[in-house]
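Here the structure is laid out as structure tokens; the discussion comes afterwards.
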Amino acid sequence: MKYSGSCLCKGIQFEIEGKLEPIQICHCEQCRKAQGSAFAANIPVKEAHFHLICGAELLTSFESSKGKHRHFCRHCGSPICSRTDQLPGVIRIRSGTLDNDIDTQPVAHFYVDSKANWFQINDNLPIFKQAFTPDPQDNQD
């Protein structure tokens, strides 16, 4: 499988090879600020499966916290992906940048302790106060 994606101005274009992981819905304050919305919809992708087709000169980044790099288009501002030093070899693609239909769905809501007070979660996905943890006490279901 191959998926294509791009920024708003189409200056940055990329492809992802392989099956997509489930979408992670993040409600942390940094993701809300970076997206300008209630949450970020992220898809973890192995860096080896991500191929920048064009726009390398437009891709810039911001270190939003120690070791967390958010990559975006310097022309139109579209967020493309993020990387963290804690998870080498993996990037988190912003699902809204994908140009074609995808065969994956959201898996859970994370960092709901800092979600926007004006946004209501109305689905049946698992809800976690912070990041995913195998400890069932952190699940708010």
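What to note about this one:
- Taking all protein chains as they are arranged and a probe of 1.4 Å, the heavy atoms of K10 leave approximately 110 Å² accessible to solvent.
- Residue-level accessible surface for L125, protein heavy atoms, 1.4 Å, Å²: 40 Å²
- When all protein chains stay in place and ligands, DNA and RNA are ignored, the 1.4 Å accessible-area order of H71, H51, H27, largest first, is H51, H71, H27.
- Full extension of the chain between A56 and D85 gives 8.4 nm of extra length, using 0.36 nm per residue less the Cα-Cα distance.
- Multiplying the residue separation of A48 and A116 by 0.36 nm and removing their Cα-Cα distance gives an extension gain of 21.1 nm.
- Prolate/oblate/rounded call for segment 55-134, Cα gyration tensor, a/c under 1.5 rounded: prolate
- Kirkwood radius and radius of gyration were both taken over the C-alpha atoms of the chain, and their ratio Rg/Rh is 0.96.
- Residues within the reach of a label modelled at Q30 (point 7 angstrom out along Cα to beta-carbon, backbone nitrogen below 19 Å), restricted to segment 52-67, are 60-67.
- In order along segment 106-114, the Karplus-derived 3J(HN,Hα) couplings, from 6.51 cos²θ - 1.76 cosθ + 1.60 at θ = phi - 60°, round to x, 10, 5, 9, 10, 6, 6, 4, 10 Hz, and Gly and Pro are given as x.
- Projecting label points 7 angstrom from Cα along Cα→Cβ for Q130 and S4 puts them 4.2 nm apart.
The values are calculated or read from the model by the stated rules, or taken from the named source; none is laboratory data. These numbers come from a predicted model, not from an experiment. Note that we place each Cβ from the backbone using ideal geometry, even for glycine, and neighbour counts take in every protein chain shown. SASA here: full protein model, heavy atoms, side chains in, ligands and nucleic acids out. Shrake-Rupley method; radii C 1.70, N 1.55, O 1.52, S 1.80 Å.
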